[in-house]
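K.L.:
Before anything else, here's the structure in question.
The values are calculated or read from the model by the stated rules, or taken from the named source; none is laboratory data. Just so you know, these numbers come straight off a predicted model, no measurement behind them. Neighbour counts run over all protein chains shown; Cβ positions are idealised from the backbone, glycine included. Just so you know, the surface numbers come from the protein's heavy atoms only, side chains and all, with ligands and any DNA or RNA stripped out. Shrake-Rupley method; radii C 1.70, N 1.55, O 1.52, S 1.80 Å.
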Amino acid sequence: MKVTEVKKKVTIREVAERAGISVTTASLILNGKGDRFSEKTRQKVKLAQQDLGYHPDYFAQGLVGQRRNSIGIVIPDILNQFFANFVQSIEQEAIPQGYFPQVFSVNGFHENIDYFIEQFSGGTQKGLILAAPGASQEIVDKVQTSTNVPMVFTDQAEVTKNGDVVLINEAEAGEIIASHLLALGHRRIAIVLPNDMAVNLFKRFSGYQAAFAKYNIPLPEELIFRTSFDPEGGRDVIQKIVQTDATAIIAINDDMAVGVYRGLQAQGKKIPDDYSVVGFDDIPLADFLTPPLTTMAQPINELGKMTVDMVLQRINEPKKAYKTVRLKAKLTVRESTRELKEEKRE
Ligand code: RIB
């Protein structure tokens, strides 16, 4: 092709013709709304799309620049891979349906979260996914009623009566984590928590406590460590943990577990020989650590998909009854945990 030649853009009509179906059907399928059509029809569209090299033109569809179709996402910390992964899965679900996500990461703005939520939701959003803690009930009600922006609550957001909610069973997941270490023979287990605990993290912690109670093992205050909610916090707290007789460490999430790894390495300690370590989330990095991290796998992609679906359903049907969906988390055992040899038990 000469530099001056402009390659003609493939249109949706051409895809439809190639697939032998109507433009409307092709458009619905290509925009992720093709559930009602048979697998065979969807497959025909996919093949035609691939053969012709068709890509949806979001600009032509008015989805860029025109600020009506966006979904706001409020997360606590964009540097945490859990939330990066969450936002990515939201994008994958929302964009084909014509909604562009806009992210507000609360880091540094905790003091005025109500103000920022109000500003954020005031302009362009059709719906809001709230995954950060600290918003007041007043602002939640205001955004939903006066601003008319439906909200879906998940993860660290406080659960409200007036909204759709997507959750995992935090207490159950916490109990599974602690039981894993107790079943391996660990009795002195250090727990690394953030200074500020969101509601879901309290529930997770209550699950740890429940496991200790079931095993009839005390969980003493001196083995509970509070620090900043980031890898630095996990790293720094190790100086104190190595002065105890702990043989295992539960980090409330993988982000902090990454810091725990670094702290132990700096102290010349080996995982899992000297300390078994468990995280929570199963961020993409967890499997790349040395050794790969045992962790509670959150269904992050499903969480993203489900929150988008719920917010879009609410936009379309503002009056229907609110619902709460619970997704399943699953323990992923890797090489950072091991059975404690008899002689190291009490
Ligand atoms: O890593 C982020 C953590 O905070 C996750 O465990 C998630 O559930 C959130 O609460």
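K.L.:
So if I place +1 on the C-beta of Lys and Arg and -1 on the C-beta of Asp and Glu, and nothing else carries charge, what would the dipole magnitude of segment 12-56 be about its Cα centre? I want it in debye, nearest 20.
P.N.:
Numbers: 8 positive and 5 negative charges, 25 e Å.
Its charge dipole is roughly 120 debye.
K.L.:
From the convex hull of the Cα coordinates of segment 12-56, what is the mean projected area in square nanometres?
P.N.:
Taking a quarter of the hull surface, the average projection is 2.6 nm².
K.L.:
Same structure, new question: Residue separation times 0.36 nm, minus the C-alpha to C-alpha distance between ASP51 and LYS9: what's the value?
P.N.:
13.8 nm
K.L.:
To continue, here is another question. Can you give me the relative contact order of the chain as a percent, contacts being Cα pairs under 8 Å and 6 or more apart? Don't skip to the end; give the middle numbers.
P.N.:
Numbers: 624 pairs, mean separation 55.5, N = 346.
Here the relative contact order equals 16 percent.
K.L.:
First measure r as the distance between the Cβ atoms of GLU339 and SER228, then evaluate 1/(1 + (r/R0)^6) with R0 = 41 Å and state the FRET efficiency to the nearest 0.05. Present the calculation step by step, with values, prior to reporting the outcome.
P.N.:
On the way: r = 32 Å, r/R0 = 0.78.
Efficiency, from the Cβ-Cβ distance: 0.80.
K.L.:
Still on this structure, please answer the following. Which lysines, on any chain, are close to LYS328 with Cα under 18 Å apart, when same-chain ones fewer than 8 places away are left out?
P.N.:
Counting by Cα, and skipping residues close in sequence, LYS328 has these lysines nearby: LYS203, LYS305.
K.L.:
Let me know the charge dipole size of the chain about its Cα centre in debye, to the nearest 20, where only the beta-carbon of Lys, Arg (+1) and Asp, Glu (-1) is charged. Spell out each step's value before the answer.
P.N.:
Values: 41 positive and 43 negative charges, 290 e Å.
Roughly 1400 debye, rounded to the nearest 20.
K.L.:
Return the ratio Rg/(2.2 N^0.38 Å) for the chain, where Rg is computed over Cα atoms only. Could the numbers behind the result be given before it?
P.N.:
Details: Rg = 23.9 Å, N = 346, 2.2 N^0.38 = 20.3 Å.
Relative to the 2.2 N^0.38 Å estimate, the chain comes out at 1.18.
K.L.:
Now a separate question. Where the accessible area of segment 12-56 is counted over protein heavy atoms with a 1.4 Å probe, how much of it, in %, is carbon and sulfur?
P.N.:
Values: 1340 of 2830 Å².
Looking at segment 12-56 in its full context, I get 48 percent from C and S.
K.L.:
Give me the distance in nm between label points sitting 7 Å out from Cα along the Cα-to-Cβ direction at GLN43 and TYR215, one decimal.
P.N.:
Placing both labels 7 Å beyond Cα along the Cβ direction yields 5.0 nm.
K.L.:
Oh, and also: If you roll a 1.4 Å probe over the heavy atoms of the protein chains, what accessible area per residue do you get for the chain, in Å²? Let's see the in-between values first.
P.N.:
Numbers: 17290 Å² over 346 residues.
Computed with neighbouring chains in place, this is 50 Å² per residue.
K.L.:
In whole angstrom, how far apart do the alpha carbon centroids of segment 8-33 and segment 118-163 sit?
P.N.:
That distance is 36 Å.
K.L.:
Could you pull out every one of the lysines with an alpha carbon less than 22 Å from that of LYS341, ignoring same-chain neighbours closer than 8 positions?
P.N.:
LYS341 reaches LYS214, LYS269, LYS270.
K.L.:
Tell me the mean residue ellipticity at 222 nm calculated for the chain from its helices only (DSSP H runs of n ≥ 4, each -39500 (n - 2.57), averaged over every residue, nearest 500). Don't skip to the end; give the middle numbers.
P.N.:
Details: 12 runs with 135 residues, N = 346.
Here the helix-only value at 222 nm equals -12000 deg cm²/dmol.
K.L.:
Still on this structure, I have one more. Which aspartates and glutamates, on any chain, are close to LYS8 with Cα under 19 Å apart, when same-chain ones fewer than 8 places away are left out?
P.N.:
Straight-line reach from LYS8, under 19 Å: GLU17, ASP51, ASP57.
K.L.:
What does the accessible area of LEU79 come to, in Å² to the nearest 10, when a probe of 1.4 Å is used?
P.N.:
Result for LEU79: roughly 150 Å² accessible.
K.L.:
Moving on to the next point. So for the chain: antiparallel DSSP bridges make up what percent, rounded to the nearest 5? Don't jump to the answer; show the numbers that get you there.
P.N.:
On the way: 3 of 39 bridges.
In the chain, approximately 10 percent of DSSP beta bridges are antiparallel ones.
K.L.:
At a 1.4 Å probe radius, carbon and sulfur cover how many percent of the accessible area of segment 210-313?
P.N.:
Numbers: 2080 of 4280 Å².
Carbon with sulfur: 48 percent of the solvent-accessible area.
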